[in-house]
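Single-structure report; data block below.
Readers should treat all values here as calculations from the given coordinates under stated rules, not as data from a laboratory. Keep in mind that this is a model prediction, so the values were computed, not measured. We place every Cβ from the backbone using ideal geometry, glycine too, and count neighbours over all the protein chains shown.
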Amino acid sequence: MYRFLLTPRWWGINVFVLLAIPFCILMGSWQLSRFEVRIEEHRSAGEQAASDKTKAARPLAELLPVDKETSGDRTTATGTYGEQLLVPDRELDGKRGYYVLTLLRMDDGKALPVVRGWLPGAADPAKAPAPPTGEVTVTGALQASENPGENGVSAQGGLPSGQTAAISAASLVNLVPYEVHDAWVTLNKGDSGMRAVPVSAAADTGLNLKAFQNLGYTGEWFVFAGFVVFMWFRLFRREVEFVRDAEMGLVPEDEQRVSTPSGV
């Protein structure tokens, strides 16, 4: 009755199934491992953020370039404040406001973007406190440059003069006449009565959309594997029923399949 399994048609079906099922399981397992890695990174990032608060501040040069290990570390830098910009549409504790960003010009010829604090409402240069004059030493958490359009960072263009959508060297280099470090610092304590901006987790270390996409893809691949098994079983059962009908003479000869041997 099961000789139809030896026909070329069923050889092709069986080979496809034998290859498809391990492939789906492999891909599902890989996506699950990616989700587990993100979970571990999220846990490690939380532990690192807690430990960063107790670490002594280190010179900026020792922490550059910013990566997952140094993002959030406390750093210290000395220089004189230069141009001041506003970063609109930034939320803090559920309220909309803006960052006050001031460029700290350092002895190495570059400027370090320093977020001195957050103010509520629409960005208004008249309400932003002027930076201290003379040489200052700042201490705060080191952050990686932002990417417009990601993690809530606005990608809008055409902002008024004196504003920037993203805190990044690529954006700021077009607004100031000197080089800018590819990093920024948020002060431990808000300057001039402003609220301090909390430290952000390093990119790709949180339970973000990508993490849950990995989890969703895991389920999809395992569902695909189950679907392949279901379709094989359904085709097999229909073929068996067809052979049985042929044996009982319920299928006219001109409708019998090529896969069914004569006399079976």
Across Lys110/Lys210; Lys127/Lys189; Lys68/Lys127; Lys55/Lys210; Lys127/Lys210, pairs whose alpha-carbon gap is larger than 29 Å:
Lys110/Lys210; Lys68/Lys127; Lys55/Lys210; Lys127/Lys210
Count neighbours as other Cβ atoms within 10 Å of each site's Cβ, and list the GluC sites (Glu not before Pro) in the range 103-196 that are DSSP loop with at most 15 such neighbours.
Glu150, Glu179
What's the FRET efficiency of Asp67 with Arg195 using the Cβ-Cβ distance as r and R₀ = 30 Å, to the nearest 0.05?
0.60
What does the extension gain come out to for Arg234 and Thr80, with contour length at 0.36 nm per residue minus their alpha carbon separation?
47.9 nm
